[in-house]
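First up is the structure itself, then whatever we jot down about it.
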Amino acid sequence: MPVSGVLRSAPIKGIRDVVLALVLGILLATGHRRALGWVLLVEAFAAYGDMTTVLAHHGSVATALGVHARERFGDWNSAPAVSG
C-alpha cells in the first residue's frame, strides 16, 4: 500500500513538534521570557516553511495553504467557518 506524502513526513513533523514543546516548556519553567518570545516568533513562521516545501515539490496551492488546517481539524467539515 503506497504511503502518501503527508504520512511520509508525519514522523519528522512529529519530532519537530515534540522538540519545540520541550524547548518552550524549559524556557517557560526557567522564566526566560525574552527567549521564549523569540522562539514563539520563529515558530510562527514554520507554517510558511511548510507551505514553501509543499509548493517546491509541485504540490497544489490548496494543499500548501490548507495542510495545517487539515492536520488540526481532521477534515474540512469540522474546521471553523471564516466569516468576514
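What to note about this one:
- Flag not set for ALA64, criterion: assigned to a helix (DSSP H, G or I), modelled with pLDDT of 85 or more and of a type in the set (Gly, Ala, Ser).
- Looking only at segment 30-56, and only at residues there that are over 13 Å from the mean Cα position of the chain (by Cα) and either of a type in the set (S, T, N, Q) or surrounded by 11 or more Cβ atoms within 10 Å (Cβ to Cβ) (or both), the one that is nearest to ARG16 (Cα to Cα): VAL39
- The sole residue among ASP75, ASP50 that is modelled with pLDDT of 65 or more, on the phi < 0 side of the Ramachandran plot and of a type in the set (Asp, Glu) is ASP50.
The values are calculated or read from the model by the stated rules, or taken from the named source; none is laboratory data. Keep in mind it's a predicted model, so treat the numbers as computed, not measured. All Cβ positions, even for glycine, are placed from backbone atoms using ideal geometry, and neighbour counts span all protein chains on display.
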